[in-house]
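Some notes on the structure that comes next.
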Amino acid sequence: QVQLVESGGGLVQAGGCLRLSCAASGSIFSINAMAWYRQAPGKQRELVALLRSGGSTNYADSVKGRFTISRDNAENTVYLQMNSLNPGDTAVYYCRIIGATRDYWGQGTQVTVSS
């Protein structure tokens, strides 16, 4: 059974950076896209960044120019490089892998940005 294991979250000061990683424990047949979401307290989960199998990306307006999504195909790992963090980025971040037949979600990793 495939599991997604996230790492890289933590506490950082405003202006700092973090790199989140999400590794799949098993093989996933035909990945259509990989993505990062986040959910802040009292708010709905929102899409932060999406990377399609063909290489195209989408970013939330609030993170454009600051966050970068990437993947390591050989390791079935997706990354989120987060620069110039601000307190508004504080949330639990979840990775998602969209396969041909089902989706997989990580357990979430907390990112806290102090002012």
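The values are calculated or read from the model by the stated rules, or taken from the named source; none is laboratory data. Keep in mind that this is a model prediction, so the values were computed, not measured. All Cβ positions, even for glycine, are placed from backbone atoms using ideal geometry, and neighbour counts span all protein chains on display. Remember, those area values only see protein heavy atoms, side chains included, never the ligands or the DNA or RNA. Shrake-Rupley method; radii C 1.70, N 1.55, O 1.52, S 1.80 Å.
Points to keep in mind about this one:
- Close pairs (7 angstrom Cβ cut-off, 6 or more residues apart or separate chains): farther than 13 Å from residue 50 by Cα in region 67-92, buried (at least 21 other Cβ atoms within 10 Å of the Cβ) and at pLDDT below 95 anywhere: 76/24
- Subset of region 22-36 (residues that are open to solvent by 30 Å² or more (accessible area, probe 1.4 Å) and on the phi < 0 side of the Ramachandran plot): 23, 25, 27, 29, 32
- Extreme residue, nearest to residue 114 (Cα to Cα), among residues of region 1-29 that are within 16 Å of the chain's Cα centre (by Cα) and of a type in the set (Ser, Thr, Tyr): 7
- Here residue 112 clears all of (1) more than 14 Å from the chain's Cα centre (by Cα); (2) more than 23 Å from residue 16 (Cβ to Cβ); (3) open to solvent by 30 Å² or more (accessible area, probe 1.4 Å) except the condition numbered (2).
- For region 68-86, filtering for residues that are open to solvent by less than 50 Å² (accessible area, probe 1.4 Å) and over 21 Å from residue 104 (Cβ atoms) leaves 2.
- Any chance residue 101 is β-branched (Val, Ile, Thr) and surrounded by fewer than 17 Cβ atoms within 10 Å (Cβ to Cβ): yes
- Residue 15, sole failed condition from (1) touching a residue at least 40 places away in the same chain (Cβ under 8 Å); (2) in a strand (DSSP E or B); (3) out of contact with any Phe, Trp or Tyr (no Cβ under 6 Å at 6 or more places or on another chain): (2)
- Unmet criterion (only one of (1) in contact with a Leu (Cβ under 8 Å, 6 or more places away or on another chain); (2) open to solvent by 50 Å² or more (accessible area, probe 1.4 Å); (3) not acidic (Asp, Glu)) for residue 48: (2)
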